[in-house]
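First the structure, in the form of structure tokens, and then the observations on it.
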Amino acid sequence: MPFLKVKIGSPVLLAVIMTAMVPSTRAQFAGPAPGNDSGVNPQLKITTDPALLFPPDRVPTVGGGDLLAVHIYGSTEYNPTARVSLDGSIALPLAGVVRIQGLTLTQAEHAIAEHLVAGGMYRDPQVSIQVMETPNQIITVTGETRGNVGVVPALGRRRLFDVIAAAGGLLPTASHVVTVLRPGQDAPLVIDLGNNPANGSMANVPLFAGDTLVIARTGVIYALGAFKSQSAIPLVSNSPLTVLQAITLAGGPNFEGKREETRIIRTEGTRRIEVKVNMSRVIAGKDPDPVLQPDDILYLPTSGMKAAIRAGGIATLMGIAQLSSYISLNH
């Protein structure tokens, strides 16, 4: 059988050796299943309209189920406690049945006073109402909070940070982006808590009775490829994770990593996109440090040449060259 003669140092020989020594690093991806949605990588647009974030104050109103304590200034004998019925009325001594559904506390006080005057028992009573219990003036909190409190009282305006604190604070797995579902608004408010105290006032928006605060779970970042530690990096803080931070948490790149061809692989709905990042320029501060999203994959490809060098490829090449020279000299 004739032998193929290949000149030492030929690019063909080098390519053959490299191909034999280095395993293929090409990965195939068939795409996510249609309709696959983990719930931790939603496409949310941060709300920036001040009119939506900071609406005018809302005055609490009386609703069915409220337990009210009624007092008359200067009278120690008139202090009944009654619950507003489902039809919005309240039954009080000397005043009878008074409909106060949807009235503010001040309006309800005037309505009760008018009924007392109409009953002929008082000439000008100064009525005051104290809300003892209310199933209506609440803010619902759901998601990643430390406490078991699902509702927070809201007899007036409350701030976002106050409500979070009342719910026990955020878990380490909580996302720094929260949403507020508000009755009468088609789209939710999307608020970025951020990590800059100087911008805290913009995130500490007012919340009102009937609002629902949703605190989603944050996801993880996957470091794949030529990193010292290939792993899933949980987003355990309430601040974004950048590419440089993820590289650090993954132990940094290996020698064979192709830093200039780093990829951010992101799934949006049923579509996968790739963003090329030059790791060397990011580390040097010459390119921006991109912010990663939950479930992103940070992929560092492997250089075949560098992998061969690391695996002892140069020594193998030198051995083949010496063997070929020896054969040539003896034939």
Which residues qualify? For residue 233, with a placed amide H closer than 5 Å and at least 5 residues away or on another chain, they are 221, 222, 223
I need the shape label for segment 137-217. Rule: rounded when a/c is under 1.5, else prolate if a/b > b/c, else oblate, with a, b, c from the alpha carbon gyration tensor.
rounded
So how far apart, in nm, are the two label points at residue 281 and residue 91 if each is 7 Å from Cα heading toward Cβ?
7.8 nm
Any idea what diffusion coefficient segment 100-235 gets from Stokes-Einstein, in µm²/s, Kirkwood Rh on alpha carbon pairs, 4 °C, 1.567 mPa s?
71 µm²/s
For segment 59-67, in order, what is each residue's ³J(HN,Hα) by Karplus, 6.51 cos²θ - 1.76 cosθ + 1.60 with θ = phi - 60°, in whole Hz (x at glycine and Pro)?
7, x, 10, 7, x, x, x, 5, 9
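Over segment 168-233, what is the mean sequence separation of C-alpha contacts under 8 Å (at least six apart), divided by residue count, expressed as relative contact order in percent?
33 percent
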Taking the Cβ of residue 175 as the centre, find all other residues whose Cβ is under 9 Å away and add up their charges (Lys, Arg: +1; Asp, Glu: -1).
0
Distance in nm between label sites at residue 73 and residue 261, each 7 Å beyond Cα in the beta-carbon direction?
8.2 nm
Distance (nanometres) between label positions extended 7 Å along Cα→Cβ at residue 291 and residue 229:
2.5 nm
Taking H as built 1.01 Å from N, whose amide H comes closer than 5 Å to the amide H of residue 277, not counting residues under 5 places away?
262, 263, 264
Please report the relative contact order for segment 113-222, taking Cα pairs under 8 Å with a sequence separation of at least 6, and give it as a percent rounded to a whole number.
31 percent
Karplus 3J(HN,Hα) series, Hz, for segment 124-139 with 6.51 cos²θ - 1.76 cosθ + 1.60 (x for Gly, Pro)
8, x, 9, 8, 10, 10, 10, 7, 8, 9, 8, x, 9, 8, 9, 10
Can you give the FRET efficiency for residue 49 and residue 81, using 1/(1 + (r/R0)^6), R0 = 51 Å, r = Cβ-Cβ distance, to the nearest 0.05?
0.75
Per-pair calculated FRET efficiency, R0 = 25 Å: residue 162 and residue 132 via Cβ, rounded to 0.05
0.70
Dipole magnitude of segment 67-133 about its Cα centre, charges +1 at Lys/Arg Cβ and -1 at Asp/Glu Cβ only, in debye to the nearest 20?
60 debye
Check cross-link reach from residue 228 to the aspartates and glutamates: straight Cα distance under 16 Å, and skip same-chain residues fewer than eight apart.
256
In what sequence do 87, 289, 296 fall when counting other Cβ within 10 Å, fewest first?
87, 289, 296
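Report the charge-dipole magnitude of segment 137-217 in Debye, nearest 20, computed about the Cα centre from +1 at each Lys and Arg Cβ and -1 at each Asp and Glu Cβ.
That gives a dipole near 140 debye.
Every number in this text was worked out from the coordinates using simple rules, so none of it is lab data. In this text, all values refer to a predicted model and were calculated from it rather than measured experimentally. Using ideal geometry, Cβ is built from the backbone for each residue, glycine included, and neighbour counts are taken over all protein chains shown.
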